[in-house]
Every structure is written in structure tokens, then in C-alpha cells.
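Report on one structure; see the data block that follows.
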Number of protein chains: 4
Amino acid sequence: MEKPTIDSRIPVAVLAATGSVGQRFVQLLDGHPWFEVVALTGSERTAGQAYGEACHWLLSEPMPVWARDLPVLSTVPEAVDAPLVFSALPADTAREVEPAFARAGRWVCSNASAFRREPDVPVLLPEVNPDHLDLLEGQRRARGWSGGILTNPNCASTGISVALKALQDSFRLSRVFVVTLQAISGAGYPGLASLDILDNVIPFIGGEEEKLEWEPRKMLGRVSGAEVALADFSISAQVNRVPTLEGHLACLSVELGEQADAAAAAEALRGYQAPAISRDLPSAPRPPILVREEADRPQVRLDRGAGRGMSTVTGRVRSDPIWHLKLVVLSHNTIRGAAGGSIYNAELLARCGYVNSGS
Amino acid sequence: MEKPTIDSRIPVAVLAATGSVGQRFVQLLDGHPWFEVVALTGSERTAGQAYGEACHWLLSEPMPVWARDLPVLSTVPEAVDAPLVFSALPADTAREVEPAFARAGRWVCSNASAFRREPDVPVLLPEVNPDHLDLLEGQRRARGWSGGILTNPNCASTGISVALKALQDSFRLSRVFVVTLQAISGAGYPGLASLDILDNVIPFIGGEEEKLEWEPRKMLGRVSGAEVALADFSISAQVNRVPTLEGHLACLSVELGEQADAAAAAEALRGYQAPAISRDLPSAPRPPILVREEADRPQVRLDRGAGRGMSTVTGRVRSDPIWHLKLVVLSHNTIRGAAGGSIYNAELLARCGYVNSGS
Amino acid sequence: MEKPTIDSRIPVAVLAATGSVGQRFVQLLDGHPWFEVVALTGSERTAGQAYGEACHWLLSEPMPVWARDLPVLSTVPEAVDAPLVFSALPADTAREVEPAFARAGRWVCSNASAFRREPDVPVLLPEVNPDHLDLLEGQRRARGWSGGILTNPNCASTGISVALKALQDSFRLSRVFVVTLQAISGAGYPGLASLDILDNVIPFIGGEEEKLEWEPRKMLGRVSGAEVALADFSISAQVNRVPTLEGHLACLSVELGEQADAAAAAEALRGYQAPAISRDLPSAPRPPILVREEADRPQVRLDRGAGRGMSTVTGRVRSDPIWHLKLVVLSHNTIRGAAGGSIYNAELLARCGYVNSGS
Amino acid sequence: MEKPTIDSRIPVAVLAATGSVGQRFVQLLDGHPWFEVVALTGSERTAGQAYGEACHWLLSEPMPVWARDLPVLSTVPEAVDAPLVFSALPADTAREVEPAFARAGRWVCSNASAFRREPDVPVLLPEVNPDHLDLLEGQRRARGWSGGILTNPNCASTGISVALKALQDSFRLSRVFVVTLQAISGAGYPGLASLDILDNVIPFIGGEEEKLEWEPRKMLGRVSGAEVALADFSISAQVNRVPTLEGHLACLSVELGEQADAAAAAEALRGYQAPAISRDLPSAPRPPILVREEADRPQVRLDRGAGRGMSTVTGRVRSDPIWHLKLVVLSHNTIRGAAGGSIYNAELLARCGYVNSGS
């Protein structure tokens, strides 16, 4: 597929556009070279209002002018005339609504966790496992859908999976300990009460550790027939909520399949390239993995914006007294880990011809 | 030794009393049943001033009235007439000054790291290894001192060592991964610039990981002749500075020497008792280890004050998909991890007869 | 009335005891010399459960042991057998429920704003206007109540009113500008979303400026027959929410009725005494007004706890280039400005014989 | 003067380029259409190193590539070959160094306070008082300089002065109360210790209130011969440091020279236009004044970036019970209030022909 020209941009919709992830979709799609937002949906309460009124805009970037007057539509396929929809729905709603859209022939790029565990639904990071798109044919056939569902991973799984992929390619993986320090925006809005997190750490996020111990194994696994064979390594995860706004940081200890020192590991991370198909997509992170050399980097506030918030930032790659490596991984949770990741996925869909402006 | 009566309180001094740890010593010694502060020392710049003037008091508790008019003395043994001195000196100064005091017959309870690596110097937590006091006789003999030096561990080592001791006693220890989330007060004053930590995480504290990988093994080791045989387990540590004021939280994954499930581990932690000699000292934590049952505890701000800041607080004791256990440990870094820990150590010294009011 | 003895403590109840203000009542009443908590009420959802289960305890001080097993009762007079009740109800509920309790013969010490504007209901600070209790007789008669309602002011009005009272007594007041910097706990729990306040200031709190421009004038006014003649000075208020946990700070510029320099004003603040009737009550602030001399005090975190959170802390008393004085006032919003203030009011009620253990 | 073309960009230098304001100059000058950075200076300690090594870069935007290899020069005119220099020097150093540059024929656009009080030195905001450039001729003549010094105001004076100018033009000004809530970055780096500001407010910034009570009167005054006649209104200022990263917010109460209601005042702010000479400069704020209509705006984190950090953001324009108006003003302190303001000033200098690429 050729790069779409401006006058052939693909019409897209954002489902649940008034929430915090939905707003990020609207902001990141402003001026997108391939996609044009033609529809925004919301709850029954907001349907019918102008987006500019219905939405309590929370981003420091101003609301795009074109979005203000778009009407908020109901979140049903009949109301939404676009071949590609971005879903910022909460998991429970997504479970009902996303299949309805897929059945109606739409490609759903979802940020929700609802379908990540389904064997025929890809959990996708374009620089890691673009070949998992191969699941889509089986998904459509088995479910009788003319569209399909594609998900991006949990915001905390994202950066970790990219870094582990680079290590897997070079040295194989055996076992991984990971402890995360996650920003409050990961909980959405209103999310955490301020009294719960100022001058505090909460060592718990419901369901998050289970996702972290499983999702990377799916993404780093192999498509085998109609599903993915999980990658053969194990993860132990502990998660924490800390008083930062954006950017999830993780400390990893890694046992590799073959011996490697810190310098070789840093080199493998630094040299990692996305597969050719996803390398030059509009949202492709440049570089895919940034390796900071300083002893005290990456830092959440200083480094979360690397590659316009799309790069995975690593650092403190050093040897581990028990296993092979220690390292730190940082990823922007509301850009790369949510809306930006879904958009990057949709670009891959478009590149691979699943959706186009004339569909 | 009998419990000292008020009129036989032991005269004590605080070295470097104007800094942030020094202030905590002054505050915690206010009204102490066994010790009476008779001397405060400072830098050459402040020597001669009244403490109330020399000191930029940073605690929310008011400065004790008796402290205001005490003159700031030079930090030399000749200026300080007290058998027991608490050292809040920085490590480099401590290396020179503490031996001078020990040589002059004083017992130095030090918060500095300068001598923790010396084979004949105890790193002491009274509820963990009071028998390490046995090193003191050899220390005095070998060094020709009439006093001696006793240290408390690094603030981040403290809570971890207490929790690991309980697990060691019940199930033996094999390997431990630990990731810390440490409060800004651990860096002293002025410590971190506010621009460096607001809305940020810094995954680095100089020298801290090395201490965390070694100090617990010394404390959990056995006195063997004139030194301690390090406990036979390994630790891999990663540390982070987070925007909290007080309280160091740590996430641990533990491989035990013998199989144990989470319930048994929680029971071992909950049932842990300090050795009889240190159990009812004035600063003894009650309980030594508090086990929170809730899914989202311990939390830094809510739980750091448990047992007046002296207890080790644990929680989220659960099974680990790779090793045996995951758990979270919290300890108050400026109370238990610094001044309060030193005072508790000094109480043990007094209880064991090393120092008394008539010495 | 004599000081009650332990065995004649007055039975009290806390209405809406599971919320954040209710919890503070429970914590502050623990060990109170005059009052004994015999009943806790909650919403219909929690009624019937044990308090320890129904309540998501948010304070760093542990829940008092006696509270854990108290059953949560319905918030109706029939369920509550106590002559004195503390109300932590929200304003809209308070409007219905508090009169029911008063009608049933209970004295209601309310933290709610519902009745502050009623001419016959005192807004009371015992060190400022204890004589406003005189309104109670008329209130009972006119409303046919055998009990009555007594309120404490808005948390931001509290400290300001105490400081202004001292200036009024010495120099009369003419006009006052006030800008507040208020802590997040003032909004209750869950209150502000963390995403709304981290690294942020919100220059708005609904209804707060109106309260600040009116309540101090009522408290500093004179009882005249069945109501209070508002004090004859004007206030212009602007309010801000800032990322602090507890402690409301206010910057005041004051035009006095008679000339006074900064030194005289500081002296008037420092020398302020509560009227004799309220001076030695158990919760009386000691001192009523603390005047900090340092150029950079009061500071919220360091000074909010002065007088166990009950004192009004002032500082930076200096001349104003337009009017007479600039000064800074700090008051602890959840202690003095809420539960602690109500308890102090109740102590005055008891001292004046309105309620006693045999009533 | 014509707009410079790329190949005739004016060579500029940044003095004290390694500090926090200096870094902001480097970042904002990256890709500037009129100016090309040819020299960076630092302290004697850093002179000779590459900028990329000498500088502990604190911004989340990455260091421009061209800056990394520029050598850090000594801060003396002989070392710096550029007709225009931006000074990020501290006030005490600026007092010595800036005249040396002016004497050597350089135009110094200074962020320092050192010369703001000099009668013949403009304190300039291009959208407020571009005519104050007229002081420069007298300055050069009287001091025998072939260059000159031009300053931008204190970061907290900036937004206030823009908003007051709009009100002055429409309604004249009589008296102004202002209370500020200032971000930590206003103190530079390292600036405030984190222990001093987390969960805290400090109601004091040395020298700041004096600047706020004087600088706006100079900027809103008239050039009269060789100096500025201060505008005839008075200001009373109180300042606070709050735990925000960037963005100074101020609450103003204003007595006007002629009656105006809130709607008229908002209209005057909204309709304010910069004088034609400065309206379309590259850094000109668009709009000069943004008026937020929502009850709870402007908010520091959401609105500080308006107009790429160059606009003055106002809101909550409402009537005042004592004087005429209350309003809230927000300005980005490190962009508009420091480096960005200086660059905007330099653009005006260039536009007016004081400096050009061939000078």
C-alpha cells in the first residue's frame, strides 16, 4: 500500500472520546497524515452534545479546533461511519461493544484489556510482533466478523516487552523479575484520589501483576496456527503506584538463555531495529529503544517524552549478582502505552492493507 | 543491669547535632528515660553558638526547650564529657572522628557508614542480632580503645533485614531480589533539589545498592571469633528515589531454603519476637514486625509511623511465580533507619552493661 | 460545672463517622477526658456493619481499638442514645438530619455549613466568641427544640477569624483582603482527583469565597437579641487549592480602624488570650495564636501541628504599602478547622452546663 | 528593518549558558528564524569543555545537537564574537559583567535584576512598553557605551504587568493587591531543597515582593526624557512558593481609576493588542492575553503552556466586594518570565534596527 495522500485520508472514529484516553486519541490524531477523525462517541449522557461541551478536557495541549464542534455520538456501529475505530472503552463495556463494531465490518484498535487474553486476538507492538497480525484472518473466519479486533498491551507491559524483545533476539530469555513504579495517569480520570497518593506509594494495582506476567510472553511468542504459543520464559512482577503524572518506570533483573555481559546487552538494546514493515510508520518510535548511559537515567520526568513519547527508554544496564542483568526501562504510559500505541497499531493495519480510505 | 532511674540517667552527646539526622536525635532523646543529652556538637562554623541559633530546625515537632540554649561544641573528645555519644557525622568525617572518641573511652553509636565494613564493628539491629555485641571486646583489644564503635545499618537495609531475619529463622534464605522506593529525607538536608524529584523518579542512589547487597548478610551472619561470617544467601538490589518525604518501601522476591507458602511466611513474620535481651528496651518496636492483611498495604504515608516509627511493616505476602515469596517491606528511614535505630542500639549497650551513668 | 471525672464522662455520638471528618472525630475523641464515644452512625449502606469493617480508615494514626467493634448505626435520633452528637454530615444531609436530632433533645456540634447562615445558630470559636452561645436559648424556644445546633466555621475561616479577632480587639478592623492556599484534605475524601492537583494550583473552590467573606463577620459580631449583628468591616477573598495534604495558609492585607505598626500588631496577636470561660478547656489551643518571627514562617508542613493542631499560627507581620498590615495565617484544617474545632465547641457547651453526663 | 533571512541570521551568544535559565535560552533559540547561537559561556570551572559535557541538562526537551559540541567560553567580551548576547547571569555577576559587554559594543538582553532599577535601563515587555527602547540612546550616551543593556522583568512581574496594562489602557489603575503562588523553577537550580517544599508552602521569597511592587509601575510608566516616570498607582504584594514545577499564578484585587464591571474588564483583557511594532515578532504571544471563561481556570499545569508559554493567561474576572475587580493571572516563569521574554525583547531590538546581522 502506498502512503495515503491528504485527500485520501482514512476516516476514523474514537470510541469513548471524552475520557482521559479518548482525549489523548483526539490530541494525537490532530494533523495525522493518514487518518482523519470523523466521529467521536461517548456515553448516553453526553451523546448529542458538542464534544467541546461534553468533554472535561484534561490535557495541557489545547483541544484541537476541529474537535470542538463534532457531535458526541452513541457508541454503536450504526452511528459511526468509519472503517477504523479507536477504542478507549473501559474493559467491561469493551467486551460488549467492540465485537459489535467488528461484526459490522470495522477494524477496532483497542486500548482495553477485554480481548487481550483471547487466543485469536493480537496484542500488538509494531516494532515487536507485527507478524501477529496473521491472527486476524482466523479471528474473522471463526467469529464471522467482516472487521476485527486488535489490541495494544497494558501500559506497564509495553516498554518492558520492547526491551525484552531486544534481549530475546540476542540472548534468549529465561526468567525475569520486574518491579514497576507507575504514574497516576495510568488509573485514568478521576482515578486515584489525591489524598491517596500525595507523599505516598501504594504497592498495589488490581490485576496489573497478572497482566505483566502474561502479556509480554504473548507478544514475544510465535503465531502457531490460529493462536500464539507463549514465549518460553517466566516473569515475576510487583507493581507500585507513585506520585508522578506520566511515565511508567520498571526495574528488571533478567536471567538470559545465554551468557551476556552488560555491554553486550546495552549494545543489543541500542541496536534493536523494528521489522521493516513497521519501521517507518508515522508513529514509529525513533529510536525504538533509547539507551541512556548516565548513572542516574532514565528519569521519569526528563525522559518520558523521548521519541515524542513513543520510544522505550532504558538505562542502568549492569550485571546482576544473582542473574545476568539488571536494567531500568521507562515508557510513556498515556502516549506509547495507550492512545499512541493504538494509533501506531492502526498504521500497521493500514500499511498491510487491512483498511484503506476507500473501504 | 537495672533500669536506670531518672536521677541516674546516662549523660549522652550528639555529634553533628545541627544536621537533619542530628536534629532527629535531639527530638527523639527528648524525655528519654535512660539518657540525658548533655552535649551537642557541630562544625567549626557553628561551634560556640547556642543550638537554637546554630540550627536550622527542620522537623515539624518543635525543638525541645532544653536544647535551645545548649552551646554547640567542637566535635572533639576533649570538648564532650559523656560516656555515650551518638554520631550523625557524614561518613568521611566519621572515619576520622569516631575512632578518636572510641580511643578516648567513649561508646560511639554511629549512624554513619564509615565502619560498617570493618570486621570487628557490629552493624546492629537489637531485634535481629544483639549477640553481635560480642565483637566489641575484640574490637577494643585489637585497636587499643577503651571505648568502642557500634553502627546501625543503612536506612534502606534496616526493614529488609528485620523481615529477612524472620524468614531466615523459619525457612532459611537462599536468594533475594529487592527493589526499593526511597524517600527524599534519606538524602539528608539539603539533599535532593526539588526540581530533581517533583513528578519524577530517579533510579539511582550512589553506593546504596552495594550496601543493600551486603549489610543484611552481615547482620544475619554469625559471630565467629573476632568477626562475622556473612550469612549464606545472595541479594540483588535496585534502588529508586521517589517523591515521598519519609519511609522507605521495598519489594522483595525471596527464594527460601525450604518450601513455605505465603500463609506460613506471614505467620513467621507476625510471630517474630526480638531476643529477650532487647525485647523490652525503651525504643523496642511494638510489634517488631507488623503484617498488614489488606491488598494495598503497607502504604508509605499511612504506615511509616507504626510502632512510633520503629516497627518494620510488611504486607502483600504472596507466592511468587518464580521463587517462593513476594512481599513488601516498609520502614521509617529517619526514625528507625537513623536516629531511632542508634538510640535503640545504645539502649542495648546500656542494658548489657557496657555503659552506665557512673562510667 | 465541675470538670467531669472519668466515671462521669458524657456519652457522645459521631454522625457520619466513616467519612474523613468522621474519622478525625473518632481519632481525636480517643482518650478524651470528658467525652466517651458510645455510638457511630453511617449511611444506610454501612449500617449494621462493625465500624472497623465499614470504614476505609485514612489516617496515619491507627484506628482506636474501642472503635473497631462498635456497630455502625443509622443516622436517626432513635438509634443514637447520647445527649451530645458530633456531626460530620455533608451540608445537604445535615439540613434534614441535624434538626431531627435537636428536636429529639440532642446537642448537635456540627461541622457542616448547613445552618451557619441561620441567625439563631452560633458559628463558634471558643477563644473568639463564646458569648454567642447566648443564641441557643432563643434558638430552642423559637424552633421548639429541646436540644440545639452549634456550628464551627468553614476550615478556611477558622484561623483567619482568630487572627482578626486579636486585631479587632486592639485596633478595630476596616477592610481585609485575603487569599488562601488550601490543602487537598479540605475537600474531603475522595475529594480532588490526583490528576487535578499534582504539579498544579486550582484557583477555585465552590462557595468558599462567599463563606470567607461572611463567616468572620458573624463570629466577630455582637449578639443582639436573638441574632448576631455582623461586625462592621468588609472582606474580599480569593481561594486556591494547592498540592499540600493538611493546613490552610492565608495571606492577609488589613486596613485597621486605628493606626498600628507591625510591631504593635504582632504584640496584639502574641498577647491574645481566650476569654476565661474557654481558656483551659481540654482542647484549648496553647497558645491561641503563635507568632513566628522568622522571615519564612509559618510554613504549612512545619507549623500546622502547633498546639497539637489547634493553635492559629501567624507570621510575616509587616507593614503594607496600601493599607496598614500584611500578615500570614496558618491553621490545621482537619484538626482545628473541622473535628477538633467541634470538640472544642462541645467542651464549651459542657463547661457552660448545656450538657452533662446525667442529662 | 526587513525580516532577516536564514542566511543572514544574527549571531548571538548566551552568557551563563550551563545554568537552568541558560539551558532554556539554548532550547528556545534552537531553530530561531532570526538568531543563530554562535557562542556559549560559563564559569571558569567549565570554560574549555564542550557544552554537552559541562552542562547538567535539566530540561525534558533534548539538548539541541548543535549545542553539544560548542565549547564553553569565558564570560568576557573578548571571548564572545556576537553583536547580541543573552544574559542568564546571576544578579551579582551581572552587575560587573553586563556593562563590560555593553561597553564592548554588545547589546545585552538580560534576565538579571541587576540593572532594572537604573533609570536609563528599560525593563521591557514588547507587548506592553516597546517605546521604552527610547531610553537606550540616552543610556549609551551617558555611559559611553557602544552597546547597551535591556532587561526583562522578574518572572512574577511579567504576567501581572501584561494584564494590568490592558486594564490601565481601558480604565486606568489606582491600587492593586496581589498574592502570588510561584513555582519552584523560579528559584533556579538547585534552588529549593525538596525537603523544603514537598507538601509545603513557603510564604517568602527574598526581594520578590519589592520587585512586584515596583517593576510593573516602571513598565506601565512613561518615558520622560532620560528616564521613566513611574505609573501612578500602588501595589501591595505577597508571595508564596508552592510545590509546582513551572508557572506563576497570581490573585489580584484591583481598584480602577474609573468604574468597570467584570464583563467590561474581561473584554478589555481579551481585546488587548500588542503595539504594531511588536505584534508579529517571532516570539510574540498569540494571543497576548488569553481569558479563560471556566470557573476553575486558569490552572497552573493545564494553562501555563498557552501560546507556547508566551501568553498571559487570565481568568476568574469578577467583581470585588471592596474594590472593583478580582482576577487570576498565570504566566510561564521559565519561558515567558525568563529566556523566552529576553528573546522576544531581542527580536524587538532587531526589528527596530539596533542590531543586525552585519553589525
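The values are calculated or read from the model by the stated rules, or taken from the named source; none is laboratory data. Remember, predicted model here, so these are calculated numbers, not experimental data. In this analysis, Cβ positions are derived from the backbone assuming ideal geometry, glycine residues included, and neighbour counts consider all displayed protein chains. When the accessible area is computed, the model is the full protein with side chains, heavy atoms only, and any ligands, DNA or RNA have been set aside. Shrake-Rupley method; radii C 1.70, N 1.55, O 1.52, S 1.80 Å.
Give the residue that is farthest from C:Arg24 (Cα to Cα), with candidates limited to residues of the range C:309-334 that are touching a residue at least 60 places away in the same chain (Cβ under 8 Å), assigned to a strand (DSSP E or B) and among the hydrophobic types (A, V, I, L, M, F, W, C).
This residue is C:Leu325.
For the range A:236-249, enumerate the residues that are at the interface with chain B (Cβ under 7 Å from one of its Cβ atoms) and open to solvent by less than 10 Å² (accessible area, probe 1.4 Å).
Those that are at the interface with chain B (Cβ under 7 Å from one of its Cβ atoms) and open to solvent by less than 10 Å² (accessible area, probe 1.4 Å): A:Ser236, A:Gln238, A:Asn240, A:Val242, A:Pro243, A:Thr244, A:Leu249.
Check D:Ala112, D:Ala104 and return the single one that is among the aliphatic types (A, V, I, L, M), open to solvent by 10 Å² or more (accessible area, probe 1.4 Å), in contact with a helix residue (DSSP H, G or I) (Cβ under 6 Å, 6 or more places away or on another chain) and touching a residue at least 24 places away in the same chain (Cβ under 8 Å).
D:Ala104
Sort out which residues of the range D:222-246 are outside any strand (DSSP E or B) and either in contact (Cβ under 8 Å) with a residue 60 or more places away in the chain or hydrophobic (A, V, I, L, M, F, W, C) (or both), and write them in order of number.
Residues satisfying the conditions are D:Gly225, D:Ala226, D:Leu230, D:Ala231, D:Phe233, D:Val242, D:Thr244, D:Leu245, D:Glu246.
I'd like the full set of residues that are away from chain B (no Cβ under 12 Å), more than 24 Å from the chain's Cα centre (by Cα) and not in a strand (DSSP E or B), limited to the range D:171-208.
D:Phe171, D:Val201 - these are the residues of the range D:171-208 that are away from chain B (no Cβ under 12 Å), more than 24 Å from the chain's Cα centre (by Cα) and not in a strand (DSSP E or B).
Here are some residues: B:Leu281, B:Leu269, B:Leu252. Which one is open to solvent by less than 10 Å² (accessible area, probe 1.4 Å), in a loop (DSSP other than H, G, I, E, B) and modelled with pLDDT of 95 or more?
Result: B:Leu281 is the single residue among B:Leu281, B:Leu269, B:Leu252 that is open to solvent by less than 10 Å² (accessible area, probe 1.4 Å), in a loop (DSSP other than H, G, I, E, B) and modelled with pLDDT of 95 or more.
Please count how many residues of the range A:37-75 are of a type in the set (Ser, Thr, Tyr), within 17 Å of A:Thr93 (Cβ to Cβ) and in a loop (DSSP other than H, G, I, E, B).
3
Could you list, in sequence order, the residues of the range C:17-36 that are part of a loop (DSSP other than H, G, I, E, B), touching a strand residue (DSSP E or B) at 6+ places or on another chain (Cβ under 8 Å) and over 26 Å from B:Leu302 (Cα atoms)?
Matches in the range C:17-36: C:Trp34 only.
On the given criteria, is C:Arg351 open to solvent by less than 10 Å² (accessible area, probe 1.4 Å), basic (Lys, Arg) and away from every other protein chain (no Cβ under 11 Å)?
The answer is no for C:Arg351.
Tell me, which residue of the range D:273-300 that is more than 14 Å from chain C (Cβ to nearest Cβ) and basic (Lys, Arg) is nearest to C:Leu198 (Cα to Cα)?
D:Arg286
Tell me yes or no: at least one residue of the range C:131-148 is touching a Gly at 6+ places or on another chain (Cβ under 8 Å), hydroxyl-bearing (Ser, Thr, Tyr) and open to solvent by 10 Å² or more (accessible area, probe 1.4 Å).
Yes, the range C:131-148 contains at least one residue that is touching a Gly at 6+ places or on another chain (Cβ under 8 Å), hydroxyl-bearing (Ser, Thr, Tyr) and open to solvent by 10 Å² or more (accessible area, probe 1.4 Å).
Specify the residue that is farthest from the chain's Cα centre (by Cα); the eligible residues are those in the range C:209-222 that are within 17 Å of C:Asn333 (Cα to Cα) and open to solvent by less than 40 Å² (accessible area, probe 1.4 Å).
C:Glu209
Identify all residues within the range D:289-341 that are β-branched (Val, Ile, Thr) and more than 18 Å from D:Ala187 (Cβ to Cβ); write none if there are none.
Matches in the range D:289-341: D:Ile289, D:Val291, D:Thr312, D:Val313, D:Thr314, D:Val317, D:Ile322, D:Val328, D:Val329.
So that you can scan it fast, the table gives a plain yes or no per residue for (1) open to solvent by less than 30 Å² (accessible area, probe 1.4 Å); (2) more than 18 Å from B:Val14 (Cβ to Cβ); (3) within 19 Å of the chain's Cα centre (by Cα):
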site: B:Arg297; (1), (2), (3): yes, yes, no
site: B:Asp303; (1), (2), (3): yes, yes, yes
site: B:Gly315; (1), (2), (3): yes, yes, no
site: B:Ala338; (1), (2), (3): yes, no, yes
site: B:Glu347; (1), (2), (3): yes, no, yes
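Has the range D:318-336 got any residue that is more than 14 Å from every other protein chain (Cβ to nearest Cβ) and within 17 Å of the chain's Cα centre (by Cα)?
Yes, because at least one residue in the range D:318-336 is more than 14 Å from every other protein chain (Cβ to nearest Cβ) and within 17 Å of the chain's Cα centre (by Cα).
Would you call D:Arg24 more than 17 Å from D:Glu347 (Cβ to Cβ), open to solvent by less than 40 Å² (accessible area, probe 1.4 Å) and touching a Ser or Thr at 6+ places or on another chain (Cβ under 6 Å)?
no
Quick check on the range B:76-86: of everything there that is among the β-branched types (Val, Ile, Thr) and part of a loop (DSSP other than H, G, I, E, B), which residue is most open to solvent (accessible area, probe 1.4 Å)?
B:Val76
Give the range D:181-216 a look and list any residue that's touching a Phe, Trp or Tyr at 6+ places or on another chain (Cβ under 9 Å) and within 14 Å of D:Val242 (Cα to Cα), or say none.
Passing the criteria: D:Ala193, D:Leu195, D:Asp196.
For the range C:158-208, what are the residues that are closer than 21 Å to D:Gln238 by Cβ, free of Cβ contacts under 8 Å to residues at least 60 places away in the same chain and open to solvent by 10 Å² or more (accessible area, probe 1.4 Å)?
Those that are closer than 21 Å to D:Gln238 by Cβ, free of Cβ contacts under 8 Å to residues at least 60 places away in the same chain and open to solvent by 10 Å² or more (accessible area, probe 1.4 Å): C:Ile202, C:Phe204, C:Ile205, C:Glu208.
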